[in-house]
Amino acid sequence: MRGVLAFVFFAFASSALAHDAPSGWSYDPYCCNGDSTTGDCEMIPSRTVTIVPGGYRVTLNPGDHRYITHAHIFNLPQSKAMHSPDGAYHLCLFPDENTPRCFYAPDMSD
């Protein structure tokens, strides 16, 4: 029984690991739920992001992120943006499409 519980725990824990961005770096485990097909983290088009005083305005429509079913505008503070290793914008939505959990952006100095 103890072996079965250990296997179930290991299987669950490994499914909670972050998946990779298309360029190969891993999303932070806190940000990411799922895998590269069903996960809530995804690269978003740069045309959807506008740099505004203090941060970013992200305007998404269906097709810009796999979870988006209707238009959204998110105002995200620069202080909460995480470094994007590939220079692209990425957004993690969790637990639903209305809630940005993590936002990855290139450095503003780039």
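What the table shows:
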{"read-out": "P(r) histogram, all alpha-carbon pairs of region 41-105 included - 10 Å bins from 0, percent", "value": "23, 62, 14"}
{"read-out": "Accessible area, probe 1.4 Å, largest first, for residues Arg57, Arg47", "value": "Arg47, Arg57"}
{"read-out": "Separation in nanometres of the label points that stand 7 Å from Cα toward Cβ, at Arg66 and Asp96", "value": "2.0"}
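The values are calculated or read from the model by the stated rules, or taken from the named source; none is laboratory data. Quick caveat: nothing in here was measured; it's all calculated off a predicted structure. Note that each Cβ is placed from the backbone with ideal geometry, even for glycine, and that neighbours are counted across all protein chains shown. Accessible surface areas use protein heavy atoms only, side chains included; no ligands, DNA or RNA. Shrake-Rupley method; radii C 1.70, N 1.55, O 1.52, S 1.80 Å.
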